[in-house]
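J.: Following this message is one structure expressed as structure tokens.
Nothing in this text is a laboratory measurement; each read-out follows from the coordinates by a stated rule. What you see is a predicted model; the values in this text were computed from it and never measured. All Cβ positions, even for glycine, are placed from backbone atoms using ideal geometry, and neighbour counts span all protein chains on display.
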Amino acid sequence: MAKRNGTHRFRPYRGQPYFVSEFGGIRWNPAVEKNSTSWGYGEDPKTLEEFYRRFEGLCRVLLEQPRMFGYCYTQLTDVYQEQNGIFCFDRTSKFDLKRLREIQQRMAAIEQEGDEITKWGGVVRTEGDAPKDQSWRSPLISHQLA
């Protein structure tokens with residue numbers, strides 16, 4: 001463990017919920033030549049359907065993790081050197097956004113644990129004991145459980 005001023009900077013992982021700050025990065029932009037200098041992570045999907053399958057698989061793996069409470073896809077838009085955005089450089093959409101949303105709508109494993117997640121303090125119950133609402137809040141996320 002790294003130390004700062006003689007004290008540990010990081011606490012050991014003890015099962016607390018975590019946030020995945022970057023995942024995805026799948027290169028997809030048929031308008032860009034394959035041998036250009038732009039890139040994404042992994043091999044390029046050969047078809048749009050392959051992109052959707054890969055995106056769904058990545059989301060599924062994250063949503064199945066019982067302690068993962070949020071994630072951030074990389075990246076929102078293409079940039080000069082990377083063609084792995086959900087939107088093109090000019091902010092036009094490359095994908096069916098409804099389909100991308102549907103892929104992410106399944107309940108996450110952490111949501112299925114109910115009150116168990118409140119013990120970590122970062123995610124707290126906000127609407128009393130109203131079971132039909134089950135509102136939760138966090139400094140990082142705000143989400144309505146289905």
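J.: Scan the range 46-85 for chymotrypsin sites (Phe, Trp or Tyr not before Pro) in coil per DSSP, keeping those whose Cβ has at most 14 other Cβ atoms within 10 Å, and list them by number.
T.: Answer in residue order: Tyr80.
J.: Still on this structure, I have one more. If I model a spin label as a point 7 Å beyond the Cα along the Cα-Cβ vector, how far apart are those points for Glu22 and Val61 in nm?
T.: Label at Glu22, label at Val61, 1.6 nm between them.
J.: Given H placed on each backbone N at 1.01 Å, which residues far from Trp39 in sequence or on other chains put an amide H within less than 5 Å of it?
T.: Here the answer is Glu82, Gln83, since their amide H atoms fall under 5 Å of that of Trp39.
J.: Separate question: Hey, can you grab everything whose amide H is under 5 Å from the amide H of Thr77? Only 5+ residues off in sequence or another chain; H modelled, so Pro and N-termini drop out.
T.: Under 5 Å from the amide H of Thr77 lie the amide H atoms of Ile86, Phe87, each far enough along the sequence or on another chain.
J.: Working out 0.36 nm times the residue gap between Gln105 and Thr47, then minus their Cα-Cα distance, what length gain in nm do you get to one decimal? Provide the component values of the computation, followed by the final result.
T.: Numbers: separation 58, 0.36 × 58 = 20.88 nm, distance 2.33 nm.
Using 0.36 nm per residue and subtracting the Cα-Cα distance, I get 18.5 nm.
J.: A further question on this structure: Using only the alpha-carbon atoms of the range 17-113 as identical scatterers, what base-10 log of I(q)/I(0) does the Debye formula give at q = 0.10, 0.11, 0.17, 0.25 Å⁻¹?
T.: Log10 I(q)/I(0), no solvent term: -0.28, -0.34, -0.75, -1.36.
J.: Ok, one more. Tell me, what is the FRET efficiency for Tyr13 and Glu33 to the nearest 0.05, using R0 = 35 angstrom and their Cβ-Cβ distance as r?
T.: 0.25
J.: Counting other beta carbons within 10 Å of each residue's own, what order do Arg67, Arg27 fall into, fewest first?
T.: Details: Arg67 14, Arg27 20.
Least crowded to most crowded, the residues run Arg67, Arg27.
J.: May I ask you to sort Trp39, Trp28 by Cβ crowding, counting other Cβ atoms within 10 Å and putting the fewest first?
T.: Trp39, Trp28
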